[in-house]
Amino acid sequence: MATTSNNSVADMTTISEIDEDGINYNLRLRYSNDIIYTYSGTILIAVNPYKCINIFNKDYVQQYHMAKMGSLDPHVFALAEAAYRSIVEEKINQSCLISGESGAGKTESTKFVLQYLCAITSNVSSWIQQQILEANTILEAFGNAKTIRNDNSSRFGKFMQVCFNEKHTIEGCVIQDYLLEQSRITFQGPGERNYHVMYQLVAQGQTNKEMRENFCLRPPEFYRYLNTIEDISVDINLESRKFNELTMALTVLQIPQSDIDCIFKVLSSILWLGNIEFMDIDGERCEFSKTDEEIIVILSKMMGLSTNELQMVLLLRQINVRGNITEIPLKLHEARENRHAMARALYSKTFTWLVNKINICTSPGKDFNQFLGVLDIFGFENFTRNSFEQLCINYTNEKLHKFFNHYVFALELSIYKQEDINYTHVEFTDNSLCLELIEKPPRCIFKLLTEQCHMPKGSDSAYLNNLHAEFEYNPMYIKGLDRRHWETEFGIRHYAGKVIYSVEGFVDKNRDMQQDVLFDYMSRSEHTFLCDLAKSQDQSCSNLIPNVSTNQRGTSKSKSTVSDQFRQQLQSLIDVLQNTKLWYIRCIKPNSLKQANIYNESLVLDQLRYLGILDIIRIRREGFPIHLTFSEFISKYKCVIRNKTFSNSLNDILLVLKELKVPETEWQIGKTKIFLRSSAIEPLEDERKRIRCANSIIIQKNWRRYLNNKYYMHVKKSILIIQHAYRGWKLRIKFLRIRRSVIIIQSRLRGVFAREVATALREMRRVDEEMKKRERITFETPTNDYKAIEDCERLVQTEMKVLTNMAEHMNNSIGKSIDKNTVSENNSTEDGSAQNIDTVDLDNLFAFLTDGTTVPTNSVIEEINDTMSSLVQDLDGEIETCMQKEPLNYLDDQKKNILPTSSLPEPLMAPPPPPINSIETRSRNLKPEPIYEALTHSNESKHTSDINIALPLSTREKENGIKLTVSPTLVENEREQRRKFRVEKKLLEMHQNEIQNEVYNNDSRYNILNFAEHFFNAHERFVDGTLISTITRKGKKAMDLVPKHEMITFTRSEKIATSHIHMYDPENISLSCNIFRELSKYMRGEQNAERELQSIQYIIGLGIEREELRDEIFVQCMRQTTNNPNLEWTDRLWLLMCLTIVAFQPSKLLFRYYFSFLKEKLEVLDGKLRQYAQWCFDNCKCTKVSTRLQPPSSVEVAILEQRLLTFIPQIQLSMQYRSLQINLIWHQLKVGQYSNPVQMAKSI
C-alpha cells in the first residue's frame, strides 16, 4: 500500500482504533492535501473537491494501467483497472455502484470510469469509445440541471453497461435510464434551473441569427419556463459553447441533421407552451388571448400541426365512453395544467427517443462476452419542499442501501455462520422496515397511490387521508411536522434521516397523463421526426412490463402508473447487480456551499453514518472477505508448489498455505470453503502471477520460434519460386529475341517472294492487255492480212513443239532419278505411294489465285513446273542461311519493338484448292510435285488434246482451219453456262450464309452428344482387339454396345465396327473404317514424314471425292481430340482438322455442332492448340469458298506446321491474278516474251 504524507492512511481498514472521529479526521487530513480518494478495503471513498485537480490526465492512465489495486495511491482509475482485470482474468461480469448525496460528485466519477476504460482500449475501437463518451455529453445536457445543492445534478438515473468482446476491447454500450424528473420542465425551485439544454439552445439563438429565425428563439428572460420563481442570469458565451459541443456529440452519434433540427424545434415549442395565457370565460371554459394566437401560429410552424388541431388539444378534453368520444371544454386551471402536461410529455418523449437512438448507435449486438456496468443513480435528497420525485429518488437509495447491506454484511455473516467460522459480530443499519412501508404489498405507500390514480375522482387529499389512517402507528411513518401540516404533508424515517413530503401533485404525477390526443395529431405531422416521436414508446417500460394490454384512449384502469413502472425497473436493476461482481464508490459531499477547501465535519459524519462506512471498515478488517471452495483454491494456487498431484482435500490446502508461509491468523477453513483476509491473499496472488509469467515467457519463446521458423520456410519457398520464375523469364526473353530475329528474316524473304509475284502479275497484266489489243486488231484486219497471221501461227506451233519435246525429255530424266531413289512401300490399298519428302513442295502455293477454272495438263506446262520446283527445292536451307547471315546488330535496333507471340493468322480466305487427283492415282504415278498445276472442271477429259479449251476462241479456229467468223450459238451457249455457274454459286453462298448466321447470332450451345444420339450408328464393343463374332454375341444384352457418350470421346482402339454416321453407300462405310485406322496411325506418329503426308492426302482426298464421307472425317477428328491424354497426338489431329476445314466444310446438319465444338475449345485451350482452333473457327466463317479439287500438297502442310501461314495472306493479290488462267502463259509464249519454258519459270 502506498504511503501518504501527514500520517494519513490510504486504506482505513488498517487503522488500529476504528471510530467515527478517527475516520473523519483521516478524510479531513487527506482532503486538506488535495487527496480526495481513500480505500476502505475494496470500497473507494471519494470526497468532492469542488475544484480541478490534475490527477486525471493520460499520465495517470498509463500509471494505473496493469497496476494491482493497493500498490499505488487510491484512485478511481485503480478501481476501474481492478474491475477490468477481473473481466480479463475471471471472465465474469462486473458492476460499479456510485452512490452519495446530490452534489457529492457521482456524475464526474462516472465520467472518469468511462474515460479510463476507453483510454486503455483505445488502440482498437476508438470510434465506438468516442461515441460512448459523447453519449454521456448528450445525456448530461438533456438530463442534468442546476439545483441548490449541485450545479450539475443528474435528474435521472442511468445504468451504463460497457460491453467487451473476447479480445477484451469495448464492443458497445447499453444505457438504461430511470425516472426522469419531468416536473422540472414546468417548475423550478428558488436557486434552481431548468435542464441545461434549454439555456444552451436559447443562448445559441442570441449568437446565431439563422438559428434564431429557424427556431423562433427569444432571450432567456422571455420564457416563463426558464424563470418560474426568479430571473436567472445566463452566461450566453458559455452556454453557446456548450451548445456547439452538444451538436458535435449528436453528429458523432450519427443522428441526421434533419432530426437534430426537429429536436430543437420540439424544445422551442415546449418553451413557447409556457408563455400561453388562457382567458377565463364564465368559469366553465377558456379561450386564447391575442398573444396566445400568435404563439399558436409559431407552435403550428414548429410542430407541423394546424392551428385548429392545437386549439383542440389545448382547450378541449376528450372522454371515451364505450367507443363514443365526448369533447369537454377545459376550465382555466385545467387548461393550464393540461399545457404543463403537454410540455412534460413532449420532453419525456424526446429524452426517451434520444436514449433509444444512443443504444441503437452503440449497441454491441451479439458479439460481446462480458460487461462492466456503471450505475450513476440519484443521491439521497431532502429539500425544503419534497414531492413525488424525491420520494422515488429516496426509495431508490433505500433499495440500493438494502442491497449493499445484504451484499456486504448480511450475506457475509450468514456465510460465516454456515461454515462455522469464528468472527466478531458487526451491527449494521437495517432499513427493511422502511422499504416495507414504501413497497410491500398489499398495503403500502405506492399501492395506495396507485389505487387513487385508478379512481375517477382520485385526489391528493384522499390519498393523504388513507396514508394517515393506514400507517399512523408505523414507526417509520410521520404524519407531519405538526398538526397544521397533517392535511398537506407526510413523512418517512429513511436510513439517512427523516424527510417530509408535500402530497400536492402526487396523484397527477403518478398517473403521467399520456396526452394521447396530442400524439395522435403529431403522428400525422408533416415532420417525419415528430411522427416517429409520437409513435415511439418507452422501451425501458416495454421491456420491464411485457404483458401490459393496450387500452382505448381515455381509459385509466389496467394502465401502469409511474410508481409501478419505476419499482419494476429498479427490481430488474437489482437482479442484474446480483449476478455481477460489485465495486463500490462512495461519494462524500464536504460542504453545502459548493466551495473548495471547506470541510464540514458534521455534514461528512452524517454521510459516513448512513453510508455505513464504519461498519464496512470493521467487517473488512475483522472478517474474511475472500472465500473460495476447496477445488477453486487448489486449481488456482497449485502452481505455486512443486508437487502437482492433488486430490482437492484439506491436506492439499494446508500444504499450499504452509509452502507460502501464510500466517494462521489470516485464514480459516470452513466446511466447504477457505476464508482469507486481504493480507493473506496478496502473497498467494503475487506468487501465482510470478509463476504464470515465467511459464508464459517459455510458451511465448517456443511459439515465437515456431512462427519464425515457419516464416523462414515460407520465405525460402517464395525465394525459390521467384528465382524459378525469373530464370524462366530470362529464357523466354532470349527465346523471344531469337524468334523475333527469325520472323524478321522470314518477313524479308517473303517480301522478296511477294515482289517477284507482283512483278509477274504486272507483266501478265501487260501481256493480257497486249493480247486483247491484238485480238481487236485481228478482228479489224482485212482478209488479205490472214496470210501473215497464219505464218505467225505456224511459228508459234513450231515453238510449242520444241517446248513439248524439251518437257518430255526433262520428265523422263526426272522420272529415272526418282525410280532409283524411291523406297518401295507396302502395296495395301489404303497406303499411298512414296513421295520425295526432301523436295520442298510448292504445289498449289498459288492455286487459290483462281476461281476454279482450269485446263488439262500439258508437257510444256510440266516442264515449266519442273523448273520452278528445282528453283525452290532447298527452301528450308535458304531460310536458315538467310537467318545466319542476318546482322546481329539488327536485333538491338529492334529492342523497342518486340513483336508479340506469334499465333496462327486470321485467314483472309480459305487455302487454295489444288487440282483434283485421287490419292491412289498419285501413289501409282509418282512424279515430282509441280509448282503449278492445271485446274480442271469436274467433267474435264484426261486427254492432252483438250488443251485447246483454254486457248482463245480465235486461236482455236485458226489452228483447226476454220474461218475467223464466231458462231453466235457457241458464244450464247458459253454465256449461258457461265451464267448458270454464277447463279448456282450464289445460291450455295446464300444457303451457307443462312446456316452460319443462325449459328453466329445464337449464343446457345449445341452438344455433339445430341447429334450422336440422333445420327450415330450403334457400335459393338471390341474385346482383345477383335470384334466379338455373331455366334458369341447370341443371347447377350445391350451392354455389348458402345454408349453414345463414349463414341464422342478419345479411344485408343484403331478399329471401329462401322461408320459413326449413317451412310447409304456400303463402300463409304468400309472407307470410314479405313479412314479411322489411317487417322489413328497418323495420330500416334508411327509413320515417317512421307507416309504421314500420304495419310493426310488420302483422308482429305476421300472427303473431296465423296461428299458422304466429309461429316464422318470431322466426327472422327472431333472424337479423337476430345479428352486426348497425349498433347503431341492432339497437336497432330488439330493440324489435320485445319487442313480438312479448308478443303471442304461440314454439312448443314453437322455445321452448328462443329461450330459449338470450336467455341468450347477456344475457351479451354491455350497456346498452339488454341491457334489451331482459332484457324478452324475463322475458316468456318468463310462463306465464299467452294470445295477444293485436290488434297493439300506437301508445301501447304509444311507451311502450316512451321507456322508460315502468314506467307500467303500477306500477299495482296489483285482480281486479275486470282483469276489467273493457264492460257495467259500461252499468250506470253505467243507474243514471244520468253524464249523457252526455263526462262519463263525463272521469271515467275
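The values are calculated or read from the model by the stated rules, or taken from the named source; none is laboratory data. Small disclaimer: the values here were computed from a predicted structure and weren't measured. Positions of Cβ are generated from backbone atoms using ideal geometry, with glycine treated the same way; all protein chains shown enter the neighbour counts.
The residues listed here are Tyr39, Tyr50, Tyr31; of these, the one that is in a strand (DSSP E or B), surrounded by 15 or more Cβ atoms within 10 Å (Cβ to Cβ) and modelled with pLDDT of 85 or more is Tyr39. Close contacts from the range 290-314, counting a first residue that is free of Cβ contacts under 8 Å to residues at least 24 places away in the same chain and a second that is among the charged types (D, E, K, R) and in a helix (DSSP H, G or I), with Cβ to Cβ under 9 Å and a gap of 6+ residues or different chains, come to Ser300/Glu309; Thr307/Glu293.
Confirm whether Lys661 is modelled with pLDDT under 80, basic (Lys, Arg) and loosely packed, with under 10 Cβ neighbours inside 10 Å. The answer is yes for Lys661. Residue check: Lys167 meets all listed conditions (1) crowded, with 21+ Cβ neighbours inside 10 Å; (2) assigned to a loop (DSSP other than H, G, I, E, B); (3) within 36 Å of the chain's Cα centre (by Cα) but one, namely (1).
Of the residues that make up the range 293-304, is at least one at pLDDT below 90 and among the β-branched types (Val, Ile, Thr)? Checked the range 293-304: no residue is at pLDDT below 90 and among the β-branched types (Val, Ile, Thr). What do you reckon, is Asn144 crowded, with 22+ Cβ neighbours inside 10 Å and within 30 Å of Asp606 (Cα to Cα)? No; evaluated as a whole, the condition is false for this residue. Among all residues of the range 242-259, there is none that is free of Cβ contacts under 8 Å to residues at least 40 places away in the same chain and of a type in the set (A, V, I, L, M, F, W, C).
Any residue that is surrounded by fewer than 17 Cβ atoms within 10 Å (Cβ to Cβ), among the hydroxyl-bearing types (Ser, Thr, Tyr) and at pLDDT 90 or above - is there at least one of those in the range 249-268? Yes, there is a match, as at least one residue in the range 249-268 is surrounded by fewer than 17 Cβ atoms within 10 Å (Cβ to Cβ), among the hydroxyl-bearing types (Ser, Thr, Tyr) and at pLDDT 90 or above. Looking across the range 1144-1160, the residues that are part of a helix (DSSP H, G or I) and in contact (Cβ under 8 Å) with a residue 24 or more places away in the chain come down to Lys1148, Leu1149, Leu1150, Phe1151, Arg1152, Tyr1153, Tyr1154, Phe1155, Ser1156, Phe1157, Lys1159, Glu1160. Looking across the range 88-110, the residues that are in contact with a Phe, Trp or Tyr (Cβ under 6 Å, 6 or more places away or on another chain) and not acidic (Asp, Glu) come down to Asn93, Cys96, Leu97. Return the residues of the range 31-78 that are touching a Gly at 6+ places or on another chain (Cβ under 8 Å) and hydroxyl-bearing (Ser, Thr, Tyr); say none if nothing qualifies. If the condition is that a residue be touching a Gly at 6+ places or on another chain (Cβ under 8 Å) and hydroxyl-bearing (Ser, Thr, Tyr), then Tyr39 is the only one that fits. Examine the range 471-490 for a residue that is in a helix (DSSP H, G or I) and crowded, with 19+ Cβ neighbours inside 10 Å, and state whether such a residue exists. Within the range 471-490, one or more residues are in a helix (DSSP H, G or I) and crowded, with 19+ Cβ neighbours inside 10 Å.
Here Glu504 clears all of (1) assigned to a helix (DSSP H, G or I); (2) at pLDDT 80 or above; (3) more than 30 Å from Arg609 (Cβ to Cβ) except the condition numbered (1). Taking (1) over 18 Å from Tyr584 (Cβ atoms); (2) touching a residue at least 40 places away in the same chain (Cβ under 8 Å); (3) not in a loop (DSSP other than H, G, I, E, B) in turn, Asp21 satisfies each apart from (2). Screening Val202 against (1) closer than 19 Å to Leu273 by Cα; (2) under 43 Å from the mean Cα position of the chain (by Cα); (3) not charged (D, E, K, R) leaves a single unmet condition, (2).
Summed over the range 1073-1087, residues that are surrounded by fewer than 17 Cβ atoms within 10 Å (Cβ to Cβ), among the acidic types (Asp, Glu) and modelled with pLDDT of 90 or more total 0. Tell me, please, whether a residue that is closer than 17 Å to Arg155 by Cβ and either at pLDDT below 95 or part of a helix (DSSP H, G or I) (or both) can be found in the range 203-222. Taking every residue of the range 203-222 in turn, none turns out to be closer than 17 Å to Arg155 by Cβ and either at pLDDT below 95 or part of a helix (DSSP H, G or I) (or both).
No other residue among Asn591, Asn547 is modelled with pLDDT under 50 and of a type outside the set (Phe, Trp, Tyr) apart from Asn547. Residues that are crowded, with 21+ Cβ neighbours inside 10 Å, out of contact with any Ser or Thr (no Cβ under 7 Å at 6 or more places or on another chain) and either among the charged types (D, E, K, R) or in a strand (DSSP E or B) (or both) within the range 70-95 comprise just one, Glu81. Between Ile98, Ile138, the distinction of being surrounded by 21 or more Cβ atoms within 10 Å (Cβ to Cβ) and either over 30 Å from Gly497 (Cα atoms) or modelled with pLDDT under 90 (or both) belongs to Ile138 only. The number of residues in the range 322-336 that are touching a residue at least 60 places away in the same chain (Cβ under 8 Å) and either buried (at least 16 other Cβ atoms within 10 Å of the Cβ) or in a strand (DSSP E or B) (or both) comes to 1.
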